[in-house]
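One structure is given here, and the rest of the page talks about it.
The values are calculated or read from the model by the stated rules, or taken from the named source; none is laboratory data. This structure is a prediction, so every number in the text was calculated from the model and none was measured. Every residue, glycine as well, gets a Cβ built from its backbone with ideal geometry; the counts of neighbours run over all protein chains shown. When the accessible area is computed, the model is the full protein with side chains, heavy atoms only, and any ligands, DNA or RNA have been set aside. Shrake-Rupley method; radii C 1.70, N 1.55, O 1.52, S 1.80 Å.
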Amino acid sequence: MKWLARQRIRYALRHYRISRKVWAEVMRSTRVFKGLSAVERAHLREMTTLFLHRKTLTGVKGFNVSVEVSITIAAQACLPILKLGLDYYDGWSEVVIYPGAFRVARNTIDAAGVVSNQEQILSGESWSRGPVILSWSDISSEQDISRRGHNVVIHEFAHKLDMLNGRANGMPPLHTDMIRQQWTRSFSHAYEHLKQQLAHHHRPSINSYGASNEAEFFAVASGYFFTYPQALCRLSSPVYEQLKLFYRQDPANRL
Ligand SMILES: [Zn+2]
């Protein structure tokens with residue numbers, strides 16, 4: 001079976017190769033890939049090819065998923081798992097792309113048990129065992145300096161990693177060489193610290209959305225880890241260290 005799987009990978013890499021020109025343009029124009037070595041870029045290109053072979057990228061509301069768009073999204077999605085492997089994205093198959101932010105209606109239940117229907121405007125969403133939903137306008141504005149630290153693709157795929165071991169709770173399955181208590185201590189301390197910054201009207205070190213709950217904190221911290229690690233280290237270098245162990249990458253060093 002392993003032999004067959006390897007043959008399939010070889011076939012996909014040979015027949016669905018990404019054009020050199022488009023790949024170079026995506027690497028050049030997207031800030032998050034800065035500092036990757038030639039070997040890492042080659043590995044990322046292979047993973048991106050396989051990702052596009054295994055997943056379906058569907059545009060909705062008239063959005064056309066061009067080759068450039070699909071490679072831009074797939075390459076960013078593969079960056080967090082560059083040292084982990086594509087198997088981390090097993091169990092689901094679709095990425096849905098809206099041209100811009102999209103509305104969703106949610107039923108919420110308050111403490112008294114009253115159900116109300118609320119409308120939310122989102123730039124991305126991840127379903128457990130279901131699709132990842134993204135807004136292209138939010139992906140393409142990633143280069144905007146005022147949005148430093150924010151990366152909607154990495155954010156939503158971090159939720160996917162978090163959901164590998166059940167519902168999203170801010171703790172993905174840790175590697176055997178990691179210590180659960182260290183993770184919990186680092187993350188709960190940093191999460192409380194962010195909430196304190198907001199409570200005291202201090203400028204938060206990372207996006208205040210991270211204070212929504214533990215799952216959002218992990219996804220926001222992951223976005224900063226890959227795009228603006230200095231800000232994450234200012235909030236909490238222990239969280240940076242834990243993410244470095246989890247993703248097996250050191251963006252602060254390469255950026
Ligand atoms: Zn989120």
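As I understand it, the value is the acute angle between the Cα axis of helix 152-162 and the longest principal axis of the Cα atoms of the chain; what does it come to in degrees, rounded to 10? That works out to roughly 80 degrees.
Our helix-only sum for the chain, with -39,500 (n - 2.57) per DSSP H run of n ≥ 4 divided by its residues, gives a mean residue ellipticity at 222 nm of -15000 deg cm²/dmol.
Multiplying the residue separation of E241 and A12 by 0.36 nm and removing their Cα-Cα distance gives an extension gain of 78.9 nm.
With the highest mean first, a sort of the peptides 171-180, 110-119, 19-28, 133-142 on other beta-carbon atoms found within 10 angstrom per residue produces 133-142, 19-28, 171-180, 110-119.
Cross-link check: pairs K83/K160; K21/K83; K34/K83; K21/K61; K34/K160 evaluated at a Cα-Cα cut-off of 19 Å; pairs beyond the cut-off: K21/K83; K21/K61; K34/K160. Taken as Cα centroids, region 1-23 and region 159-208 sit 36 Å apart, rounded to the nearest whole angstrom. Expressed as a fraction of 2.2 N^0.38 Å, the C-alpha radius of gyration for the chain is 1.02.
Among the trypsin sites (Lys or Arg not before Pro) in region 82-170, those located in a DSSP loop and surrounded by at most 12 other Cβ atoms within 10 Å of their own Cβ are K83, R129, R167.
Computed from the C-beta positions of L198 and V39 and an R0 of 30 Å, the FRET efficiency is 0.15 to the nearest 0.05. Measuring from a point 7 Å past the Cα of Q230 along Cα-to-C-beta, which residues in region 134-170 have an amide N at less than 16 Å? So the set is 145-150. Were the residues from T56 through R103 laid out at 0.36 nm apart, the gain over their Cα-Cα distance would be 14.7 nm. Atom-type composition of the exposed protein surface of the chain places 51 percent of the accessible area on carbon and sulfur (1.4 angstrom probe). For helix 20-29, report the angle its Cα long axis makes with the longest principal axis of the Cα atoms of the chain; keep it between 0 and 90° and round to the nearest 10°. Roughly 20 degrees between the two axes.
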